[in-house]
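See structure below.
The values are calculated or read from the model by the stated rules, or taken from the named source; none is laboratory data. Computed from a predicted structure; not experimentally measured. With ideal geometry, Cβ positions are generated from the backbone for all residues, glycine too; neighbour counts draw on all protein chains shown. We work out accessible area using only protein heavy atoms, side chains counted, and drop any ligands, DNA or RNA first. Shrake-Rupley method; radii C 1.70, N 1.55, O 1.52, S 1.80 Å.
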Amino acid sequence: MERTIFHCDLNNFYASVECLHHPEYRNIPIAVGGDVEKRHGIILAKNMLAKKAGVTTGEALWQAKLKCPDLTLVKPNFSQYLRFSGLVRKIYAEYSDRIESFGIDEVWIDVTEIVGRYASPRALADEIRNRIREEVGITASIGVSFNKVFAKLGSDYKKPDATTVITRENMKEIVFPLPVEDLLYVGRKTTVKMHQLGIYTIGDCARYDVAILRRKFGKWGEYIWTFANGLENSPVLKEGREPMVKSVGNSTTAPRDLKNLDDVRIVCYVLSESVAARLREAGLRCMTVAVSIRDNDLEGCVRQMKLPCPSDLSDEIAKAAMTLFQANVDFQKPLRSIGVKAADLCVGEVPLQLSIFEDQEKREENLALEKTIDGIRRRFGAQSIQRLRMLEDTLLSGFNPKQEHVIFPESYFKG
Amino acid sequence: MSLKEYVDVVIYHRKDGQIKPLYIVWHNGVEYPIDKVMQITRAASLRAGGTGIRYTCLIQGSQRYLFLEEDRWFIEKKEEK
């Protein structure tokens with residue numbers, strides 16, 4: 001049976017929540033952004049007036065201010081956004097149990113089973129949109145289609161507060177003229193390569209020889225071709241079936257650019273300690289450590305390595321991360337932000353294969369030490385006990401990733 | 001000027017878990033009994049800027065919205081001249 005899938009995207013989500021709570025913001029351009037003094041300075045969301053002035057998500061606060069001098073900047077209030085996300089989710093849950101979130105403000109819903117009770121898929125989508133507007137006070141745009149990728153294109157097609165239906169009949173008119181970079185997983189670099197092949201629209205990509213794409217881009221070439229032709233058919237994951245935690249990570253934009261390995265080491269240890277503490281809290285250990293690196297032109301990469309045995313120790317995670325930083329950073333350009341992530345998680349309670357090359361007794365001692373530190377920090381605060389290294393530059397080490405809430409971008413391929 | 005006014009509300013908690021607002025206590029201490037709750041629904045207040053459970057109440061013969069936003073109650077203030 002042909003599936004009916006919705007992709008619901010809450011329009012300018014953070015900015016909409018702020019505008020709802022502050023009626024005085026509604027008629028002026030505002031943007032939600034990071035902390036200017038601490039240089040967490042990018043635009044996370046903007047309202048329609050700011051959008052008209054040319055403010056874009058992801059640009060630096062000062063760039064936005066140049067384009068739009070009367071822009072009002074609002075500090076993000078994540079707990080409020082999570083509450084709103086939950087309120088909207090409750091509405092979705094009345095229609096289907098197949099709800100898969102993609103970040104805090106986007107979900108796919110498989111409504112195949114219920115859509116027959118409505119005059120049309122559009123009628124159901126409009127009902128959901130109206131309820132979000134009336135009951136929660138923000139707007140959503142919904143894309144309706146027969147697979148997840150086209151549903152997502154639909155929700156981007158017309159904003160705000162609109163429904164776009166993409167069927168097998170009209171896909172050639174609606175989807176094919178769109179630029180190829182609108183497709184999931186066609187990023188900046190792939191776009192350039194696509195243009196070199198003469199592929200500018202999704203239609204160009206759909207008609208292209210898949211064998212050449214595979215040769216040029218590997219398996220991703222094939223995925224992208226499948227996306228473009230509407231052949232993608234992955235299911236919408238059931239609520240609660242989504243993998244609970246696949247990785248634990250923290251990243252930060254440093255208060256000043258990182259110019260050498262010593263700078264990186266300070267921030268790396270703060271991040272690793274937070275990651276390790278969160279692993280221990282969740283009773284997990286990791287097999288892989290990954291780092292993300294971004295220089296002051298916002299160009300970046302991600303690198304990862306396996307650990308010799310599963311770990312929840314900050315020392316081991318930090319050392320692995322430092323190995324990766326050492327091998328992949330040349331400081332031609334200073335670094336703006338770095339991140340440390342623990343992946344390949346396993347439950348801490350399972351029996352461990354001990355390594356003959358590791359001093360297990362020492363590891364047990366370290367674990368006891370780190371648990372003690374966790375306890376001290378819980379009672380007396382994060383700064384109450386620190387590594388000596390942190391005092392070399394208190395500006396760089398003076399943040400607490402464990403407490404400052406961070407929402408991570410998500411990957412499309414889950415589970 | 002914010003049109004959102006948090007208010008004290010006296011509530012009757014029923015044993016089945018339902019709650020019924022009885023009267024609003026204005027900041028000058030005057031109590032306004034709620035004669036009737038006409039409708040209860042989830043709703044946003046664009047005027048006051050908030051979202052929660054909206055109680056449509058009859059107070060002294062006129063209809064007013066009373067919102068329960070998480071654990072606080074607010075009403076939409078009338079536009080000041």
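Where does segment A:1-173 land on Rg/Rh, using Cα atoms and the Kirkwood Rh?
So for segment A:1-173, dividing Rg by the Kirkwood Rh gives 1.02.
In the elastic network of chain A, a GNM with C-alpha springs shorter than 10 Å, the most mobile of A:Thr323, A:Thr288, A:Thr164 is A:Thr323. Per-residue mean of foreign Cβ neighbours for A:17-24 is 4 (Cβ atoms of other chains, 10 Å radius). Dipole size of segment A:120-215 about its Cα centre, with +1 on Lys/Arg Cβ and -1 on Asp/Glu Cβ: approximately 440 debye, rounded to the nearest 20.
For the protein assembly as shown, just say rounded, prolate or oblate: build the C-alpha gyration tensor, square-root its eigenvalues into a ≥ b ≥ c, call rounded for a/c under 1.5, and beyond that prolate if a/b exceeds b/c, oblate if not. Intermediate values should be presented prior to the final figure.
Details: a/c = 1.72, a/b = 1.23, b/c = 1.40.
It comes out oblate by the Cα gyration axes.
When Cβ neighbours within 10 Å are restricted to other protein chains, what is their mean count per residue of peptide A:137-150?
On the way: counts 8, 2, 0, 0, 0, 0, 0, 0, 0, 0, 0, 0, 0, 0.
Taking all residues of A:137-150 together, the mean is 1.
A simple spin-label model places pseudo-atoms 7 Å from Cα toward Cβ; at A:Asn170 and B:Val7 they are separated by 4.6 nm.
Over chain B, the hull volume per residue, using the convex hull of the C-alpha atoms, is 105 Å³. Annotation: amide H of A:Leu307 within the under-5 Å range of A:Thr288, A:Val289, sequence separation 5 or more or interchain, hydrogens built in the peptide plane. Annotation: amide H of A:Lys46 within the under-5 Å range of A:Ala15, A:Val32, sequence separation 5 or more or interchain, hydrogens built in the peptide plane. Between A:Leu197 and A:Val347, the modelled labels are 4.4 nm apart [label points 7 Å from Cα along Cα→Cβ].
If you roll a 1.4 Å probe over the heavy atoms of the protein chains, what accessible area per residue do you get for segment A:248-414, in Å²? List each step's numbers first, then the result.
Numbers: 9060 Å² over 167 residues.
Each residue of segment A:248-414 exposes 54 Å² on average to a 1.4 Å probe.
Rounded, prolate or oblate, given the Cα gyration tensor of segment A:48-117, with a/c below 1.5 counting as rounded?
Values: a/c = 3.59, a/b = 2.49, b/c = 1.44.
Cα axes put segment A:48-117 in the prolate bin.
Within segment A:324-344, name every residue whose backbone N is under 11 Å away from a label modeled 7 Å from Cα of A:Arg303 along the Cβ vector. Backbone N within reach: A:324-331. If you build a Gaussian network model of chain A, linking Cα atoms that sit under 10 Å apart, which residue out of A:Leu388, A:Leu66, A:Leu367 swings the most? Of the options given, A:Leu388 has the highest mean-square fluctuation.
Normalised per residue, the accessible area of chain B is 65 Å², obtained with a 1.4 Å probe and no contribution from ligands, DNA or RNA. With 0.36 nm allotted per residue and the present C-alpha distance subtracted, the A:Lys333-A:Ser79 stretch has 87.9 nm of extension available. Put simply, what bits of segment B:12-57 lose 50 Å² or more of accessible area when the other protein chains are there, versus the chain on its own (1.4 Å probe)? Checking the loss per residue gives B:Arg42, B:Leu46, B:Thr51. Divide, for segment A:248-414, the radius of gyration over alpha carbons by 2.2 N^0.38 Å, where N is the residue count. That ratio works out to 1.02.
Taking all protein chains in place and a 1.4 Å probe, what share, in percent, of the accessible surface of chain A do carbon and sulfur account for? Please list the in-between numbers first.
Details: 10970 of 20920 Å².
C and S fraction of accessible area: 52 percent.
What total accessible area, in Å², is buried where chains A and B meet, using a 1.4 Å probe and rounding to the nearest 100?
Numbers: alone 21390 and 5730 Å², together 26160 Å².
Interface area, both chains combined: 1000 Å², rounded to the nearest 100.
May I ask you to compute the full-extension gain from A:Ser355 to A:Arg378, defined as 0.36 nm times their residue separation minus their alpha-carbon distance, rounded to one decimal in nm?
Details: separation 23, 0.36 × 23 = 8.28 nm, distance 3.19 nm.
Gain on extension, A:Ser355 to A:Arg378, equals 5.1 nm.
For segment A:176-228, a/c is less than 1.5, where a ≥ b ≥ c are the root eigenvalues of the C-alpha gyration tensor. That puts it in the rounded class.
Between A:Asn366 and A:Ala123, what length in nm is gained on full extension when 0.36 nm per residue of separation is reduced by their alpha carbon distance?
On the way: separation 243, 0.36 × 243 = 87.48 nm, distance 5.99 nm.
In short, 81.5 nm is gained.
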